[in-house]
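Please read the structure below before turning to the comments.
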Amino acid sequence: MPGTIRILDGGMSRELLRLGAELRQPEWSALALMETPDTVRRVHAEFIEAGAEVITTNSYALVPFHIGEQRFREQGPALIDLAGRLARQAAENSSGRKVLVAGSLPPIFGSYEPQRFDPSRAQEYLSVLVAGLAPHVDVWLGETLSLIAEGEAVRQAVAATGKPFWVSFTLADEMGAKDDEPRLRSSESVADAAAWAAGSGAGALLFNCSRPEVMGKAVRVARHLLDERRSDLEIGVYANAFEEQEGDGAANETLHGTREDLTATTYSRFACEWADAGATLIGGCCGIGARHIHDLAAALRR
């Protein structure tokens, strides 16, 4: 049965923009760590003030896909350490309230691009992220993963750290018909992902960086399978606010527009639906800001 709901933070990149940081491809949110790191700390602090009980390190773009192979080798460890330290500082300045730091372990070879995944090289890069973040984080978060094999790579990468890990998959956005089975962007089923997660040793299975409209069914499918297996795995959701795209596309190509209809109030209604379906870890992804987190935290606590 679902337990106490914990509030996650929201998306880093749009909040960096709101506070005046520059974003450009390919560096994306990593650029703020290089040029205006205090802005990253301020975003963390604003999410905590809004009610987040878990904040995620700004390490999503600290991979060769974004910052290049040479810069990853030369500057990656220091930038990864900085991302961890900034999140930890914000958590420790949270006025006595317990805030966990989740170490973001992104899809190494590109978001929404399961065909790029190379298991023979994944540990080479993940090991650098894990080493840099380990002193600062409470839990690992493999996020925006498009296929189960990416989740397995995260499990292997953090196994020796002794810290718990969560795994979060991104869903195919085009699901709409009542009989559509929720699927990852790799076309693997949510049921298969939940079955893998139940046996992986993970502490939580989450779904992120997909439209809010597709999340509820995924939560219900996962909850049903986990209940059948008597698994105490938590379920979480943090959706994005992207405008609808033609096909999946690559998430890294440009700055996607965000939906005007997805107000803080509207997003809070989705959050309550996810909680009713069995989710206990709820926050936001790209385009979901501190105001959204404030309102959903208030709604869920009511």
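Compute the length gained on full extension between Lys163 and Arg269: take 0.36 nm times their separation in residues and subtract their Cα-Cα distance, giving the result in nm to one decimal. All intermediate terms of the calculation are to be shown ahead of the outcome.
Values: separation 106, 0.36 × 106 = 38.16 nm, distance 3.28 nm.
Full extension from Lys163 to Arg269 adds 34.9 nm.
Using Cα-Cα distances under 8 Å and only pairs 6 or more residues apart, what relative contact order does the chain have, in percent? Could the numbers behind the result be given before it?
Details: 634 pairs, mean separation 64.9, N = 302.
Once divided by the residue count of the chain, the mean separation gives 21 percent.
How many angstrom lie between the Cα centre of the stretch 152-209 and the Cα centre of the stretch 253-302?
Cα centroid of the stretch 152-209 versus Cα centroid of the stretch 253-302: 20 Å apart.
By how many nm would the segment from Glu244 to Arg71 lengthen if fully extended, with 0.36 nm per residue of separation less the alpha-carbon distance? All intermediate terms of the calculation are to be shown ahead of the outcome.
Details: separation 173, 0.36 × 173 = 62.28 nm, distance 3.32 nm.
Computed gain between Glu244 and Arg71 is 59.0 nm.
According to a simple spin-label model (label point 7 Å from Cα along Cα-to-Cβ), what is the distance in nm between Thr36 and Gln89?
1.6 nm
Please compute the net charge surrounding Phe169, taking Lys and Arg as +1 and Asp and Glu as -1 over other residues with Cβ under 11 Å from its Cβ.
Numbers: positive: Arg183, Arg185; negative: Glu143, Glu150, Glu188, Asp192.
Its environment carries a net charge of -2.
Taking 0.36 nm per residue of sequence separation and subtracting the Cα-Cα distance, how much length would be gained by fully extending the chain between Glu260 and Glu228, in nm to one decimal? Could you put the intermediate results ahead of the total?
Details: separation 32, 0.36 × 32 = 11.52 nm, distance 3.90 nm.
In short, 7.6 nm is gained.
Please compute, for the alpha-carbon atoms of the stretch 48-92, the extent along each of the three principal axes and give them in descending order in Å.
Its Cα atoms span 38, 17, 10 Å along the three principal axes.
Kirkwood hydrodynamic radius, the stretch 139-233, all distinct C-alpha pairs: what's the number in Å?
Details: mean 1/r = 0.0755 Å⁻¹.
So the Kirkwood estimate lands at 13.2 Å.
Arrange the peptides 77-88, 279-290, 123-134 so that the one whose residues have, on average, the most other Cβ atoms within 10 Å appears first. It would help to have the intermediate numbers written out before the result.
On the way: 77-88: 21.5, 279-290: 25.5, 123-134: 19.7.
Sorting 77-88, 279-290, 123-134 by mean packing, highest first, produces 279-290, 77-88, 123-134.
Would you work out what percent of the accessible area of the chain, with all protein chains in place, is carbon or sulfur (probe 1.4 Å)? Show your work: numbers first, answer last.
Working: 5800 of 12290 Å².
Of all accessible area on the chain, carbon and sulfur atoms account for 47 percent.
Can you tell me what share of the DSSP beta bridges in the chain is antiparallel? A percent to the nearest 5 is fine. Intermediate values should be presented prior to the final figure.
On the way: 3 of 30 bridges.
Antiparallel bridges make up about 10 percent of those DSSP assigns within the chain.
Hey, can you find the accessible area per residue of the chain for me, probe 1.4 Å, expressed in square angstrom? Write down the numbers at each step before the final one.
On the way: 12290 Å² over 302 residues.
Value for the chain: 41 Å² per residue.
The values are calculated or read from the model by the stated rules, or taken from the named source; none is laboratory data. Because the structure is a prediction, the values reported are computed rather than measured. All Cβ positions, even for glycine, are placed from backbone atoms using ideal geometry, and neighbour counts span all protein chains on display. Each accessible area value is taken on the protein alone, full model and side chains, heavy atoms only, with ligands, DNA and RNA left out. Shrake-Rupley method; radii C 1.70, N 1.55, O 1.52, S 1.80 Å.
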